[in-house]
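Working notes for the structure below.
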Amino acid sequence: MTTWLILFIPLISAVLITFVTRRQKDLSSYISIGAVVFCFILSIDPILNLLKHPHMEPIQQSFSWINIPGLHVEMGTLLDPLSILMLFVVTFVGSLIHIYSRGYMHGDPGFSRFFACLSLFIFSMFGIVLSNNFIQIFIFWELVGLSSYLLIGYYFEKPSASDASKKAFLVNRIGDFGFILGIFVLFQATGTFNFIEINHILEKGGIPDSTLYLAALLIFCGAVGKSAQFPLHVWLPDAMEGPTPVSALIHAATMVAAGVYLLARTALLYHLSPDAMEVVAYIGGFTALLAAVIAVAQNDIKRVVAYSTLSSLGYMVMAMGVGGMTAGMFYLTTHAFFKALLFLAAGSVIHAFHTQNIWEMGSAFKKVKTTGATFILGSLAMAGVFPFSGFWSKDEILTATFTSHHYFLFAIGILVAFISAFFMTRLVFVTFFGNERYHGHPHESPPVMTVPLIILAVFAVLSGFAGLPWFEPNFGTYIAGPSHGGHGEHGFNFFVAGLSTVVVLAGIALGYIIYCRELTKDPLEGNVLYKLAHNKFYFDEFYDNFIVAKIYNGIATICNFAEVNIIIHLFVNGFAYLTRESGKILRLTTTGKLQHYTLIMVAGVVALFLLFGAL
Amino acid sequence: MEKLFFLIFAVIAIVSAIGVVSLRNPVHSAISLMVCFLQVAALFILLRSPFLAAVQVFIYVGAVVVLFLFAVMVLDLGKERFGGYLHHQRPIALVVVIGFVFVMGFTILHGSLDAPLGNYTEEALVKNTEIMGKLLFTKYVFPFEVVSFLLLIALIGAIVLAMKEKR
Amino acid sequence: MEGFPILSAIILAPLFGCIAILFVKEASISKIRAIAVISTSVSLILSLYLLFAYDKAKAGYQFVEKVEWVRSLGISYHVGVDGISVAMVVLTSFVIFTGVFVSWVGIKHRIKEHYIFLLLLVSGVFGVFTSLDMIFFYLFYELAVIPMYPLIGIWGSANREYATMKLTLYLSFGAVFALIGILSIYFTAGQMTGSYTFDMTQIGKISFASSYQIWVFLPLLFGFGVLVPLAPFHSWSPIGHAAAPSAVSMLHAGVLMKLGAYGIIRIAMGLLPEGAQFWMPVVAVLCLINIFYGGMVAMHRKDMKFMIGYSSSSHMGYVLLGLSTLNYIGVNGAVLLMFAHGIMTALAFALIGFVYDQAHTRMTYDFSGLAHKMPFIAVAFAIMGFASSGLPGLANFVSELMIFIGAFKTYPFQAVIAVFGIIITATYMLRALRNVFFCEPMPEWEHLKDATTFVQRFPYIVLILVLLIVGFYPAILIDVINAGVMPLVDKINNVSMAAKAGL
Amino acid sequence: MIPLSHYLLLSLALFSIGVAGVLLRRSIIIVLMSLELIFNSINLSLVAFAHFLQSMTGRVFVVFTITVAAAEVAVGLAILVAVYRRRKTVYVEELNEMKH
C-alpha cells in the first residue's frame, strides 16, 4: 500500500497543480514540495526495514493491466534493496532540489508549470524505481523522457531550449528502440515480463547464449540512451538548457542514473552473457574518457558539470560492465549527492552572477561564501580526494576493474580520475578564485537555496563511509543481495587506492599550476586537442549535418519525391490524364447531330445481325 | 379476296409512306401520313382486330396527324424552310437502310415461327373488344395504369413546354 | 433495456437528426446545432452502454436484430455487434460527437447542409460497423462515402475539387472490387449450400475450398485495402484530409479509414480464413511501405494536415501489421490501434483546423511561438503528438506495444522496422511542435486567439480524456475487443491446423 | 389466308422507309412523322404475330404503344415549338448544342 501511495502522490500533485492551483504559484510549489517530502517520509519505513533485515525477500504487489491469451502485462511495485536504495536517493535528493527550486525559480512566469513537471518527473522516476516488470519500466522510462522533454524545453520561447528538448527526446527514443526490442527478445525467450520470474527462468538456464547476448545488448541500448553513453551522449550537455534544478535532479542525480539502475536490475542477464558485459564495460570506459576530455575545454559552468556527469555515468556503466554492480550502485548514490550539490551550487552561482560563463566570474568566493564552500566540497568529492565520498565509491570501481583483470579499462579509469581532478580544479579556481572579471553586484542566495546545499554537502562528504570496506554490514551487504547473482565484494586494494590518490593529487596540482593566477582566458586555448575537445570532437556537427541532415532528411526527401512524382504524378494523375485524353479523342464521335447517332445505331443493328444473326 | 385487299392496302401504305419521307411540303407529308395510317388500320381489320383499327383511326388519324398539321400551321413555316435532305450522309444512309432491308428480309423469309399457340382462335375473337377490355383491366391493369400516368405526364409536359415564357 | 433495438437506435439517431434538420430553417442555427448535438449524444450514450453491457464472457454477436428484407435474394437487415464492432461503434460516436462541436466553431456558411451530410455519413458508418448482412454492409458503406463528396467539395479548403474527386473515385473503385468479392462469396456459398444468403453469420459457417478462398481474398483485400489505405493506393487520403474541413477530416481519418480495416477483418478474414493465412504474409510486407515510407513522407511535409495525413497512412500500416500477425496479441493490438488512432487523429485534425481557421495557413514554417498566444491548443497538440508517437499513458502506446509484441512473434524483421517507425513519428511530431508552438512568438500572429469558451474546448478535452483513460486502463476496451478477436483468430488458426492435419 | 411473312415484309418496308426518313430529312417535323411510321410498322408486326399465334398479348401491347406514341408526339411537338421559338430553326443538324 505504501508503495502505491509513494508512486501516486506525485502524480496527484502534478494533476492538482495543472488543473486547480495553476494560478496560485506559492500553493503549487508547496503542493509539489509537500508531495515529494511526504514520499521521503513514507520511504523511511522500508529503509529502516531494510537496515534491520539485510537479506530481505523482495516484496511484490501487482494488478493485471492487460490480460489476453498469450500476453499478460502487470502493473506492480517491487521492493527490494536496489529499489529501496534508489527510492531513498530520489526522494532525498528530490526533496532538497524541490525546496531549492522554490528559491531558484522565484518570480518565473511558469512557476506552477515548473512544479507540475517536477512532480510528473518524480512520479515517473518512482515508476522506474518501483516497477516489477519490463513493460512497466519501459512505460516510465518513456515518461521520464517526457518530463525531461518538458523541463529541458521549459524556456520554450528560446529556440535553443526547444531544440535541446527535442534532441533529448529523440536521442532517447533511439535508445528505447533497442530497449523495447530487447524486452521483446527476452519475452520471446521467457514468456514473461516480470523481473523475478525472468531471473528464475534465467537461473534455470536453457536459453541459448546468442539470445541472451542479443537481449542484453538491446536492453543496454536503453541504458545507453538514458544514461547518455557514447554514441548517444550528445543530448545530455544540451539538456543544460533547462533550469538548473532540473539539471541537478534529472540530468545528474536521478534520471540519467536510471540506465545504471536498469543494468543493476538486469544484472543476472549480463552475468550470463559475459560478451555483452565486455561491450558495456568498454562503452562505459570510452564515454568516461571522452566526456572527461571534453569537460576540460568547456567554459560554461553547467556544461563542465554536465560533462563531468557524463564521465561519471561512463564510470558507473564501466563498473557494471566489469561486474562491479555494488560499486556502480555505490558510485551512483554518492554521485547523486555530490553532483546534485555541484549543480545546485552552480545554479546558485548563476543566480548570483547572471551568467554561466566561468570566464565572466572569477574571485566569486568572496561574494558567495556558502555556495562557494559547498561547491568546493562537492568538487573534492567529485575529484575523489580522500576521505570524501567520491574517493570511496570511485575506489570501489577501480578495484572492481582491477580485480576482474580489465587492465586496459583500469588504465582508462585512472586516466579519467586524473582528468576529472584536473578539470574540477580548473572549474573551482577559474570561478571562485583568481581575478575579478564579473560585472554588477553578485550576492549570496537566500537560505531556501543555501540550506539544501549545506545538507547535500554533508552527504557529499560523509556518504562514502557507508561503503567502508572494513565494516559489516556496509553498503554492499544490502545491495548485493542473493537475487542479484551475488557479485561479491572486491575488498580494499591499497595499490589501487594509492595510485588513484596520487593521480588525483597530480591532477589537482596541475590544475593549480595552470589556473591559479590572473587569467582572462584559458591558457590552453590554441592547443589542437583543446580545440577538438572544446568542439566536443564535432559529434554534434557529425550528427546534425551528416546523419540527420543528409541521411535522415535525405531519405525523407527521396520518399517525398517518389510520392509526389511517381505515385501522384505518374500513376494517379497519369491514369487520370490517360482517361481524359482518350475521352478527348472519343468525344469527337459525338457530333451532337441526331442523325449521325441514328445512322450509327442502325448500322450497329445491321452489324449485329450480320455477326450474330441467323443468316 | 383477302389477298387482294391486302395487296391494295399494302401498296397504298408503302406509296404513302414513301410520300411521307419524300414530299417537300410538310402539309403534304402529313396528309400522306394520314393515308398510311388508314391503310394500317385497314390491315388491322384483316388481322381480326377491329378495336385496334378503331383506336388507330381515332388516335393516329384523329389526334396525331392533326397535331402535326397544327404544329406546321402554328409555326407558319414556309415550304422552302422544310424542304431538303441531308446530302452528306445520303449514300451511307442508303447503304445502311438497304443492308437493313436485306438482312431483315432474309430473316423473315427464312425464319420460321414455332411458338405455342394461344387459345384466341378466330372464333373466340368474335368478342374481340370485350376480351381486350377484360384483359386491360385484369391482367394488364398495372401497365395500363402506368401508361395512363405516362400520358398524363406527357400532357402536362407538353403544356409546360409549349407555354410562352413569362418575361 | 431488454428488447430495445439499441443498434438500430444508434444507426437511426443521426439519420433522424438529419431529417429533423431538413425541417429547420437555415437561419435558426442554434436549433440545427442542438439537433446535431442531441442526435449524436444519443448515439454516444447508447454506444457507451453497449461497451459496458456487452457480455464478454459470452462473446459472439450480441444485441442482434434481424428483419428480412428481400427473401428471394437472402437479404436481411441483420445487425449485431461483437467486441471488435463495439470498439468501432464507440470510436465513431466519440468522433462524431466531438466533430459536431468542432463544426460548431469551424463552419461558417451553409451550416444546415453541412450538418445534414455529416449526420448522414455517420449513420452510414454506424451501419457498416454493425451490419451482419453483406448487402447492408455495402449499402451503408456507400452511404458513408457519398456525403464525403459534397462535404469536401463545398466546405473544403485549397484544392478541394481535385481532392474530393480523387477521394470519391478511389473509394468507389475500391468498393467495386469489394463488391465483386462479396457477390462471389454469395454465389459460391449459395451453390454450395443451396440457399442463397448474404448473412455473414451463416456464410461464416461454410468452409470454402482453399484455392477459392485464396482467389477471392484478393479482390476483398484490394477493395478494402484501398480504403485503409494500403500503399501504394494511399494517395487519395492525405489530400483528402488536407482539403476537408476539420470535422470531415476528423471523420475521414478517424473513422472512414477504419472501415477498410474493419472490412478486412469482418469479411475477408472472417469469411475466408485460409485466404487470410495465405495473403497475410504479403500484407505484412506491404504494410512496411506504409509505415516507413508514409512516415518519411510525413516527415518531409511542411503542411501540417498533409503531415498528419501521411502519418495516418503510416499508422494504418501498424494496423495492417497487427492484423497480419494472425495471433491474439497482434490482432487485438490492431483493433485497439484503430480505436486509438481514430481518436488521436481526430484530435489532430480538429487542432490543426482550429489554427487554420484563424491563420489561414498550415505551413509549419509560417509559424513560431504559438504557445504564447494559444497555450491550451499547444498543450492539446503536444498531447496529440505524444499520443501519435506512442508515448505511454495514452491509448496509442498500448495498442502499438501489443502490435509489436504480436508481430515480433511472427515477423521479427517487420517488427523491428515498425518499432523504428515510432522514432520517425516522434521526429516529425516534435519538429512540428517545436516549429509551430515553441520558440519566439511572431508579431504577425498576435491576433490569434486561444480556445477559451466551453464549446471550443469541449471536443479536445473529451478526446484527450478518452486517450488518457484507455491509455491508463486499456483493459476497459481490450477485454471487449478480445471477446471479438478470439473467435476470429481461433477460426483462422484452426483452419490452418486442420489443413495441416489433413496433409 | 395471307402468310405471316407478307405482313412482316410490309412491316419491314414501312420500318425501312421510316428509318430512311429519320436518317435523310433535315426537318425535325418530318423526322417525327417518320418515327410515327416506324411505330406503325411495329404495331403492325405485333398484331400480325398476335394473330398468327392466336394470342391477345400483342394486341394489348399495341394499345400501349399507341398511347406511348401519342404521348411522344405531344411532347415532341411541344419541344419542337419551344425550340423553334428560341432558335428559329427546325433543322436537326443546326440543333447540336450537346456536341462534345
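The values are calculated or read from the model by the stated rules, or taken from the named source; none is laboratory data. Everything numeric in this text was worked out from a predicted model, so none of it was measured. Neighbour counts run over all protein chains shown; Cβ positions are idealised from the backbone, glycine included.
Key figures for this structure:
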quantity: Residue in the range A:182-191 that is polar (S, T, N, Q) and more than 30 Å from residue A:108 (Cα to Cα) present; calculated: yes
quantity: Qualifying position, being without any contact (Cβ under 8 Å) to a residue 40 or more places away in the chain and over 21 Å from residue C:4 (Cβ atoms), among C:112, C:108; calculated: C:108
quantity: Flag if residue A:252 is more than 25 Å from residue A:411 (Cβ to Cβ) and among the aliphatic types (A, V, I, L, M); calculated: yes
quantity: Residue within the range A:196-215 that is at the interface with another protein chain (Cβ under 9 Å from one of its Cβ atoms) and at pLDDT below 90 present; calculated: no
quantity: Odd one out for residue A:562 among (1) within 17 Å of residue C:301 (Cβ to Cβ); (2) loosely packed, with under 15 Cβ neighbours inside 10 Å; calculated: (2)
quantity: Residues (of a type in the set (D, E, K, R) and assigned to a helix (DSSP H, G or I)) located in the range B:88-119; calculated: B:90
quantity: Cross-chain or 6+ apart pairs with Cβ under 6 Å, the range A:511-526 first and modelled with pLDDT of 75 or more, then surrounded by 11 or more Cβ atoms within 10 Å (Cβ to Cβ) and among the charged types (D, E, K, R); calculated: A:511/A:426; A:515/A:426
quantity: Residues of the range D:2-60 that turn out to be facing chain B (nearest Cβ under 7 Å), not in a helix (DSSP H, G or I) and not β-branched (Val, Ile, Thr), as a count; calculated: 7
quantity: Candidates C:240, C:181, C:263, filtered to the one that is surrounded by 24 or more Cβ atoms within 10 Å (Cβ to Cβ) and under 24 Å from residue C:407 (Cβ atoms); calculated: C:263
quantity: Selection count where residues are aromatic (Phe, Trp, Tyr) and either more than 7 Å from chain D (Cβ to nearest Cβ) or not in a helix (DSSP H, G or I) (or both), scope the range B:13-55; calculated: 1
quantity: Residue count for the range D:61-89, restricted to those that are more than 7 Å from every other protein chain (Cβ to nearest Cβ) and modelled with pLDDT under 85; calculated: 6
quantity: Whichever residue in the range A:133-162 is within 7 Å of chain C (Cβ to nearest Cβ) and among the charged types (D, E, K, R) and, among such residues, is farthest from the chain's Cα centre (by Cα); calculated: A:157
quantity: Filter result (closer than 17 Å to residue C:141 by Cβ and without any contact (Cβ under 8 Å) to a residue 60 or more places away in the chain) within the range C:226-240; calculated: C:226, C:227
quantity: Sole residue being within 14 Å of chain D (Cβ to nearest Cβ) and either touching a residue at least 40 places away in the same chain (Cβ under 8 Å) or β-branched (Val, Ile, Thr) (or both), chosen from A:579, A:598; calculated: A:598
quantity: Every pair of residues 6+ apart whose Cβ atoms lie under 6 Å, when the first sits in the range C:43-54 and is under 14 Å from residue C:98 (Cβ atoms) while the second is of a type in the set (Phe, Trp, Tyr); calculated: C:44/C:97
quantity: Check on residue A:541, among the acidic types (Asp, Glu) and over 22 Å from the mean Cα position of the chain (by Cα); calculated: no
quantity: Options A:445, A:404, A:420, A:389: the member that is within 16 Å of residue A:332 (Cα to Cα) and either crowded, with 18+ Cβ neighbours inside 10 Å or touching a residue at least 12 places away in the same chain (Cβ under 8 Å) (or both); calculated: A:389
quantity: Breaking point among (1) more than 30 Å from residue C:196 (Cβ to Cβ); (2) surrounded by fewer than 18 Cβ atoms within 10 Å (Cβ to Cβ); (3) without any contact (Cβ under 8 Å) to a residue 40 or more places away in the chain, for residue C:72; calculated: (1)
quantity: Count of the range A:24-48 residues which are among the β-branched types (Val, Ile, Thr), without any contact (Cβ under 8 Å) to a residue 40 or more places away in the chain and more than 15 Å from residue A:122 (Cβ to Cβ); calculated: 1
quantity: Qualifying position, being more than 10 Å from chain D (Cβ to nearest Cβ) and loosely packed, with under 14 Cβ neighbours inside 10 Å, among A:604, A:592; calculated: A:604
quantity: The range C:439-482, subset free of Cβ contacts under 8 Å to residues at least 24 places away in the same chain and facing chain A (nearest Cβ under 10 Å), residue surrounded by the most Cβ atoms within 10 Å (Cβ to Cβ); calculated: C:475
quantity: Only one of B:154, B:124 that is more than 7 Å from every other protein chain (Cβ to nearest Cβ), surrounded by 12 or more Cβ atoms within 10 Å (Cβ to Cβ) and of a type in the set (Gly, Ala, Ser); calculated: B:124
quantity: Some residue of the range A:66-74 being more than 24 Å from residue A:253 (Cα to Cα), surrounded by 21 or more Cβ atoms within 10 Å (Cβ to Cβ) and within 26 Å of the chain's Cα centre (by Cα); calculated: yes
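Yes or no, residue by residue, for (1) under 30 Å from residue A:79 (Cα atoms); (2) buried (at least 22 other Cβ atoms within 10 Å of the Cβ):
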{"site": "A:224", "(1), (2)": "yes, yes"}
{"site": "A:281", "(1), (2)": "yes, yes"}
{"site": "A:295", "(1), (2)": "no, yes"}
{"site": "A:300", "(1), (2)": "no, no"}
